[in-house]
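K.L.:
Here it is: the structure, laid out below.
None of the figures in this text is laboratory data; all of them are computed from the coordinates on show. Quick caveat: nothing in here was measured; it's all calculated off a predicted structure. All Cβ positions, glycine included, derive from the backbone under ideal geometry; neighbour counts span all protein chains shown.
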Amino acid sequence: MSQAFEGFLEKLKHEAGQTGYRVGVAEEGRVVSAGDGIALVSGLRDAKLYELVSFEDGSEGIVFDLDRETLGVIILVQGEGIGAGARAFKTERIASVAVGDWILGRMVDPLGSPLDGLPGPEEPSYAPVERHAPSLVQREYVTTPLYTGLKVIDSMLPIGRGQRELIIGDSSTGKTAIAIDTIINQKNSNVICIYAAIGQKQSRVLRTLEEVKKHGDFSRVVFLVADASDSLGLKYIAPYSATSVAEYFMDKGRDALVVYDDLTRHAEAYRSLSLLLKRPPGREAYPGDIFFLHSRLLERSANLNSAHGGGSITALPIVETQERKISAFIPTNLISITDGQIYLDIQLFNKGLLPAVDIGMSVSRIGGKAQSDAMKSVSEKLRMDFTRFTEVEVFTRFGAHVEEETARLIRRGERLREFLKQRQFHPVPLQEQVLGFLVLETGVLDGLALEEVSGAAEKIIDKTKGRFPETVELITRGMRPPTAEMERLRQFIREIGA
């Protein structure tokens, strides 16, 4: 035997000794049929619901339907093209989204892949898109306000951290504007914001992103996007993925705000998937579990107690109505799931009363318990007075004579409505809201023309802030100033407003 051969044999023995062997079993199936974002796969008998399935062309999907002979897989990532007979493989991984601090200030898809052209982390952490909601023993009462910067909401429809408040109304009434203004206003807080865009045009999403960058703090905002051109599967998992991102921060003891824009398109995507999988249709062709679809999503919003980190998720789901019909199937479901609704009326919008919030049709069932003492000091009777005003105002349209007390109520109500008008992307700080309502309360604006109300109020607020900086600081922290100090404020306002 030659020396060269012996050397080769020794080298081979050495490498064989360094090599490890492991027996593995890979489960492989075959595509029975594919189309419209759905693939029916046979042969993967041990697959689990929501397990990721990969295809030989590079496509990826999740198991969505378990039949006796086949699996219904909804495609999330489209490869070169799936055809009948193509191979499909189990991955042993449940559908997940990439999470981490790196995601702040980024635009990603529902799987956590960057959409902004910037690189993602080399080894990201993943969170399942589906997760059980926190139990009752993990939750705490909602006691901390989440300020929107919108006077009509913070005063009469307050929202607390951990609450679920529905934004509802017809198309083009300002639903997204309210949500975006709320996100912009969080630049003055420590709240992380996740905006889930579901089924929207790319151009609209980019415009919204630019406005948030311009007016807010984008370094604490995440845009999770499944636009109109994406697959039904991505639109379906988008709100769940957004909630998983929020849960990552909640588990770290931080407060998060999630906007679902909107759940009407989400429900339509789910209906399409269900019909393609031949599930029995119900009311308005939606499957029977559509209520559970959204309830298990919104139940994940919570305010955790200190024993479980003390974080929170506040949800602002958006739903669109047709011709003011809030009794439609999806709006009715969401109204019953959430803790209140902000209803936007198309008639108010057309009159220029922006934001077009209908106080009579709107309610916040929890937020009042989280409203700051400073705001309570000036808004306790505000909603009742405004409701009385809207009821008696109708008589003035017919030229009816009203007594002096009613005339005073109408004058005050007209000026309150004028003061509640607000430009988009200009949220108002708490202290300016409280001082503004105090100005209205004193009656110094009652003699002014309606078009002069906003300007006069701003001037009085600025002078008051300069004269009483310590009191204004108390209000900024949400505290109610002493009674004597409040009376000094009123007296000063009456003097400069005379």
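K.L.:
Residues with beta-carbon under 13 Å from that of VAL142, excluding VAL142: net charge, scoring Lys, Arg +1 and Asp, Glu -1?
P.N.:
+1
K.L.:
Can you give the net charge of the other residues whose Cβ lies under 13 Å from the Cβ of THR173, counting K and R as +1 and D and E as -1?
P.N.:
Value of the local net charge: -3.
K.L.:
Within a Cβ distance under 10 Å of SER362, other residues only, what is the Lys/Arg minus Asp/Glu net charge?
P.N.:
After counting each charged neighbour, the total is -2.
K.L.:
Is the C-alpha gyration tensor of segment 22-97 telling us rounded, prolate or oblate? Criteria: a/c under 1.5 is rounded; beyond that, a/b larger than b/c is prolate, otherwise oblate.
P.N.:
rounded
K.L.:
Looking only at the chain, where both bridge partners belong to it, what percent of the DSSP beta bridges are antiparallel (to the nearest 5)?
P.N.:
The answer is about 55 percent antiparallel.
K.L.:
If you stretched the chain out fully between ASN188 and GLU27, how much longer would it get, using 0.36 nm times the residue separation minus the C-alpha to C-alpha distance?
P.N.:
The ASN188-GLU27 span can extend by a further 52.7 nm.
K.L.:
If packing is taken as the average count of other Cβ atoms within 10 Å, what order do 474-484, 160-170, 420-430 fall into, highest mean first?
P.N.:
Packing order, densest peptide first, comes out as 160-170, 420-430, 474-484.
K.L.:
With the Cα gyration tensor of segment 111-268 giving a ≥ b ≥ c as the square roots of its eigenvalues, does the rule (a/c under 1.5 for rounded; else a/b larger than b/c for prolate; else oblate) give rounded, prolate or oblate?
P.N.:
rounded
K.L.:
Dipole magnitude of the chain about its Cα centre, charges +1 at Lys/Arg Cβ and -1 at Asp/Glu Cβ only, in debye to the nearest 20?
P.N.:
880
K.L.:
In addition: What is the distance, in nm, between label points placed 7 Å from the Cα along the Cα-to-Cβ direction at PHE425 and at ALA84?
P.N.:
Calculated label separation equals 5.4 nm.
K.L.:
Something else: For the residue pair LYS13 and GLU452, what label-to-label distance in nm results when each label sits 7 Å from Cα along the Cα-to-beta-carbon direction?
P.N.:
10.7
K.L.:
Ignoring everything except DSSP H segments at least 4 long, calculate the 222 nm mean residue ellipticity for the chain; use -39,500 (n - 2.57) per segment, divide by total residues, nearest 500.
P.N.:
Counting only the DSSP helices, I get -12000 deg cm²/dmol.
K.L.:
Which shape class applies to segment 183-274: rounded if a/c is under 1.5, otherwise prolate when a/b exceeds b/c and oblate if not, where a ≥ b ≥ c are the square roots of the Cα gyration tensor eigenvalues?
P.N.:
Oblate, because a/c is 1.5 or more while a/b does not exceed b/c.
K.L.:
Still on this structure: Under the definition of Cα pairs under 8 Å and six or more residues apart, what whole-number percent is the relative contact order of segment 371-471?
P.N.:
Answer for segment 371-471 is 31 percent.
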